[in-house]
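Q: Can you read through this structure? Questions will come right after.
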Amino acid sequence: MLSTVSTLPFVTRAEQYALRTALVAPDGQYTYADLLDASARCATGLLAGASDLAGARVGFLIAPSFRHVATQWGILRAGGVAVPLCVSHPAPELAHVLDDARPCAVVADPEFAARLQPLAKARGLRYTTPTELNGLKRAAPAALPSIEPTRHAMLIYTSGTTGKPKAAISTHAILEAQMRAVVGAWEMTENDRLLHVLPLHHLHGVLNALCAPLFAGACVEFMPHFDARAALLRFGTEPALSMFMAVPTIYAKLVAEWDALSVAERAAAQLGLARMRLLVSGSAALPASLLTRFRELSGQLLLERYGMTEIGMALGNPLHGERRAGSVGVPFPSVTARIVDEHGSEVPDATAGELQIRGPSVFAGYWGKPEATAAAFTADGFFRTGDVAVREAGYYRLLGRESVDIIKTGGFKVSALEIEEMLREHPAVAEVAVIGVPDAEWGERVAAAIVLQPSASLTLEAVRSFGKERLASYKVPSLLRCVEDLPRNALGKVQKPALRTLF
């Protein structure tokens, strides 16, 4: 292994686990020593004779693999700022990131050259491949640069729900705080083995399923492209998995694929799932019906949590203790959370308001956007999440994004997510999306697009009747009024898919 000096905590931790398996990927199985060696060579190649990248950004477009992780670590060890790019993004979206982050170089797998290389050339950027950086048996510098915790480490772009994606800045100290929070809350150790199926340009896949497990000395096993059948079969084989992290859509696909397995395959998958110690759901609301169904099949009660690109993980149902359906749990130990009204005053339990977060894992700001950064924080340092939530006996429940999920009708603020959850309980409903549509009298009216179960039928009056029976249990009395006053025209008849819109 190359001999270097570094102050980076993840390097120090990796040195403790040098001979343990760090990564299993389509391109092989690798130890932490392999990862340290390859990332040092990558850092050397990026430095190209310089002593420090000094905060220069480096974009990288690499499929889930040992190459991806070695490049990420190499950028950080060279003193650069890692900017992961999305493998499925078309050229215009990649161009936005390159123009915004202004990297000094891009590193890409050959399979992405046709899409990325012309963009790099047009901007005068150095373009290279992981093989060129990692594969040369060059001598390492006497020492890689010493990195202060306050230096920038990573730019991860938001999903861009209110405009073009913005880059959230994590310093090395913030990245370490995020990793320690996840490792501590979920008790990750070197004995864990995680199946990784998430994108590597979003926080969920970068932090929870990659950086944190590696910080704990665990083994991360990549599945480059999620396949529900392949994942279910993997659950039932050796070596045994202990952790899995996914979004609700992935769990829905696993449930949908379950019946296609043979009896023996189902039994093996069920046994493998039952012996796993942690399955986490995040990045979107987890329908209670899906949580229940997955538990029936697997014996596992999913742990739902809440985080954002800007804050890392902030809330979560406990690893040990009560996990409440429909709740994102309690604050992580390092996090302070509060719910405030439109005037910034904290509200009592069971009262809806904006969720705000403060702690060492909160980002340093938006790259190149000082005004957006200033607007994102309160005077006392809390990050304004833009999410509406309520606190109930210490547990937090999300009602949705203020900008897109809260319907303002007749003077009330109504959660589209809660109406969706209610409608999913109807046996005829497979999927549903609720929105507000403009209305001169009410401001907005509630509308729902419903995908029916195969061979099912549904009428508008049946939806209203169902709503009257269910809404009281969702603790939002105003919803009943909204459903009662939906416009009374007939249901649309769109067959592919079976879409019914209540306008």
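The values are calculated or read from the model by the stated rules, or taken from the named source; none is laboratory data. Keep in mind it's a predicted model, so treat the numbers as computed, not measured. Cβ atoms come from the backbone with ideal geometry, glycine included; neighbour counts cover every protein chain shown.
Q: When the residues of segment 170-221 are narrowed to those that are β-branched (Val, Ile, Thr), more than 17 Å from residue 17 (Cα to Cα) and crowded, with 21+ Cβ neighbours inside 10 Å, which ends up farthest from the chain's Cα centre (by Cα)?
A: Step one: list which residues in segment 170-221 are β-branched (Val, Ile, Thr), which gives 171, 174, 182-183, 189, 197, 206, 220.
Cutting the leftovers down to more than 17 Å from residue 17 (Cα to Cα) gives us 171, 174, 182, 197, 206.
Right, trim to crowded, with 21+ Cβ neighbours inside 10 Å and you get 174, 182, 197, 206.
Values: 174: 17, 182: 13, 197: 11, 206: 8 Å.
Out of the qualifying residues, it is 174.
Q: Next question. Inspect all residues belonging to segment 60-80 and state whether any of them is of a type in the set (D, E, K, R), assigned to a strand (DSSP E or B) and buried (at least 16 other Cβ atoms within 10 Å of the Cβ). Outline the logic, then answer.
A: Taking segment 60-80 and keeping what is of a type in the set (D, E, K, R), we get 67, 77.
Adding the requirement that they be assigned to a strand (DSSP E or B) leaves none.
Within segment 60-80, not a single residue is of a type in the set (D, E, K, R), assigned to a strand (DSSP E or B) and buried (at least 16 other Cβ atoms within 10 Å of the Cβ).
Q: Tally the residues that are over 30 Å from residue 191 (Cβ atoms) and of a type in the set (S, T, N, Q), restricting the search to segment 23-61.
A: Qualifying residue count for the region: 2.
Q: Starting from residues that are surrounded by 12 or more Cβ atoms within 10 Å (Cβ to Cβ) and among the charged types (D, E, K, R), keep the ones in segment 234-271 and report whichever is nearest to the chain's Cα centre (by Cα).
A: Of everything passing the filter in segment 234-271, 253 is nearest to the chain's Cα centre (by Cα).
Q: Check segment 195-205 and report whether any residue there is more than 25 Å from residue 318 (Cβ to Cβ) and either aliphatic (A, V, I, L, M) or in contact with an Asp or Glu (Cβ under 9 Å, 6 or more places away or on another chain) (or both).
A: Looking only at segment 195-205, we keep the residues that are more than 25 Å from residue 318 (Cβ to Cβ), and these are 199-201.
Cutting the leftovers down to either aliphatic (A, V, I, L, M) or in contact with an Asp or Glu (Cβ under 9 Å, 6 or more places away or on another chain) (or both) gives us 200.
Taking every residue of segment 195-205 in turn, at least one turns out to be more than 25 Å from residue 318 (Cβ to Cβ) and either aliphatic (A, V, I, L, M) or in contact with an Asp or Glu (Cβ under 9 Å, 6 or more places away or on another chain) (or both).
Q: Moving to a separate point now. When residue 287 is evaluated against the numbered criteria (1) in contact with a strand residue (DSSP E or B) (Cβ under 7 Å, 6 or more places away or on another chain); (2) surrounded by 19 or more Cβ atoms within 10 Å (Cβ to Cβ), which criterion, by number, is the only one it fails?
A: (1)
Q: Do we have any residue at all in segment 95-107 that's buried (at least 24 other Cβ atoms within 10 Å of the Cβ) and touching a helix residue (DSSP H, G or I) at 6+ places or on another chain (Cβ under 7 Å)?
A: yes
Q: Something else now. Considering only residues that are touching a helix residue (DSSP H, G or I) at 6+ places or on another chain (Cβ under 7 Å) and among the aliphatic types (A, V, I, L, M), which ones fall in segment 281-303?
A: 284, 285, 286, 288, 290, 297, 301, 302 - these are the residues of segment 281-303 that are touching a helix residue (DSSP H, G or I) at 6+ places or on another chain (Cβ under 7 Å) and among the aliphatic types (A, V, I, L, M).
Q: Next question. Would you mind stating whether residue 228 is in the same structural domain as residue 272 (by TED's automatic domain parsing), at pLDDT 95 or above and among the small types (Gly, Ala, Ser)? Spell out the reasoning first.
A: Values: in the same structural domain as residue 272 (by TED's automatic domain parsing): yes; at pLDDT 95 or above: yes; among the small types (Gly, Ala, Ser): yes.
Judged against the criteria, residue 228 is a match.
Q: Let me ask something else. Take the residues in segment 228-260 that are of a type in the set (Asp, Glu) and touching a Lys or Arg at 6+ places or on another chain (Cβ under 9 Å); name whichever of them is farthest from residue 87 (Cα to Cα). Can you show your working first?
A: Taking segment 228-260 as the starting set, the residues that turn out to be of a type in the set (Asp, Glu) are 238, 257, 259.
After this cut, where a residue has to be touching a Lys or Arg at 6+ places or on another chain (Cβ under 9 Å) as well, the list is 257, 259.
On the way: 257: 25, 259: 31 Å.
Step by step, filter segment 228-260, then rank; the result is 259.
Q: Applying the selection to segment 251-273, what residues are aliphatic (A, V, I, L, M) and under 14 Å from residue 293 (Cβ atoms)? Can you show your working first?
A: Filtering segment 251-273 for residues aliphatic (A, V, I, L, M) gives 252, 254-256, 260-261, 263-264, 267-269, 271, 273.
Selection gives 252, 254, 255, 256, 273.
Q: With 220, 280, 263 as the choices, which residue is more than 26 Å from residue 324 (Cβ to Cβ) and touching a strand residue (DSSP E or B) at 6+ places or on another chain (Cβ under 7 Å)?
A: Values: 280 fails: more than 26 Å from residue 324 (Cβ to Cβ); 263 fails: touching a strand residue (DSSP E or B) at 6+ places or on another chain (Cβ under 7 Å).
It is 220.
Q: Still on this structure, please answer the following. Looking only at segment 395-409, which residues are acidic (Asp, Glu) and either buried (at least 21 other Cβ atoms within 10 Å of the Cβ) or modelled with pLDDT of 75 or more (or both)? Quick ask: steps written out before the conclusion?
A: Within segment 395-409, the first condition is being acidic (Asp, Glu), and the residues that meet it are 402, 405.
Of everything in segment 395-409, just one residue is acidic (Asp, Glu) and either buried (at least 21 other Cβ atoms within 10 Å of the Cβ) or modelled with pLDDT of 75 or more (or both), namely 405.
Q: All but one of (1) under 18 Å from residue 378 (Cβ atoms); (2) outside any loop (DSSP other than H, G, I, E, B); (3) small (Gly, Ala, Ser) hold for residue 344; which doesn't?
A: Going through (1) under 18 Å from residue 378 (Cβ atoms); (2) outside any loop (DSSP other than H, G, I, E, B); (3) small (Gly, Ala, Ser) one by one, residue 344 breaks only (2).
Q: Still on this structure, please answer the following. Anything in segment 364-387 that is in contact with a strand residue (DSSP E or B) (Cβ under 6 Å, 6 or more places away or on another chain) and more than 19 Å from residue 340 (Cβ to Cβ)? List them, or say none.
A: Selection gives 364, 365, 367, 372, 373.
Q: Scanning for something part of a strand (DSSP E or B), modelled with pLDDT of 75 or more and not assigned by TED's automatic domain parsing to the domain that holds residue 285, does segment 410-429 turn up at least one residue?
A: The first filter runs over segment 410-429 and keeps only residues part of a strand (DSSP E or B), leaving 412-415, 429.
Now restrict to residues that are modelled with pLDDT of 75 or more: 429.
Within this subset, residues satisfying the condition of being not assigned by TED's automatic domain parsing to the domain that holds residue 285 are 429.
The answer is yes, given that some residue of segment 410-429 is part of a strand (DSSP E or B), modelled with pLDDT of 75 or more and not assigned by TED's automatic domain parsing to the domain that holds residue 285.
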